[in-house]
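Working notes, structure below.
Taken together, the values in this text are just the output of simple stated rules run on the coordinates, not laboratory data. In this text the structure is predicted, and so the values were computed from the model without any measurement.
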Amino acid sequence: MARYIGPKTKIARKFGAAIYGDDKNFEKRKNQPPGQHGPNKRRGAKKSEYAVQLAEKQKAKYTYGILERQFANLFEKAHRSKGVTGEVLLQLCESRLDNVVFRLGFAKTRSGARQLVSHRHITVNGEILNIPSYLVKAGDVITVREKSKSLDVVTNALASKSNYEWLQFNDEKKEGTFISAPERIQIPEDIKENLIVELYSK
């Protein structure tokens, strides 16, 4: 299954944001761009409009763990929808099963959530689903399989889970319900989706 497996701290430093979650190495060097020589005049030069737009798209892709073709397909789907393209794009990213599993607190990171899904630990409406890119719909119930609920990775993640308005969580059953796609103001990611729309509109 295609996924990014390269250095994560380096990518976070590139964008100056902890896009992969808590990272001690990033915190130590967050003000230094990647590269053994540190900042230089060329890096400090003013970026072109295209470079800024491209960087924002790359940031969104790495944040959600989506490769180029998948991201382009999501953009096309958002572009064909009735809503504001940029907002719909982020809503689609948030509706991916791996992201929903992460938001529900079953995993501490999106890559961890992706692994739970691909290893068949997650069910949607009682059916095992191992497709991380599956788009969850309003009313869908997501849970960890009964025999997987005692996994250390799940119990440790649930101990520090966050709550989101568009998700309803049943702590007793260890299951969550996807109420609806979140509004843009509810999505905590620092992504300028308008720049991504401008890039794809060229």
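Worth a mention:
- Greater than 21 Å apart at Cα, pairs in Lys147/Lys173; Lys47/Lys202; Lys57/Lys161; Lys47/Lys82; Lys46/Lys192: Lys57/Lys161; Lys47/Lys82
- Annotation: amide H-H contacts under 5 Å for Asp140 (H modelled 1.01 Å from N, sequence separation of 5 or more, or interchain): Phe178.
- Converting phi to 3J(HN,Hα) with the Karplus coefficients 6.51, -1.76 and 1.60 and the offset θ = phi - 60°, segment 73-84 yields 5, 5, 5, 4, 5, 5, 5, 7, 7, 7, x, 6 Hz in sequence order, with x at every glycine or proline.
- Remark: segment 94-105, residue by residue, has Karplus-estimated 3J(HN,Hα) of 6, 8, 4, 4, 4, 5, 5, 4, 5, 5, 6, x Hz, where x stands for each Gly or Pro and the curve is 6.51 cos²θ - 1.76 cosθ + 1.60 at θ = phi - 60°.
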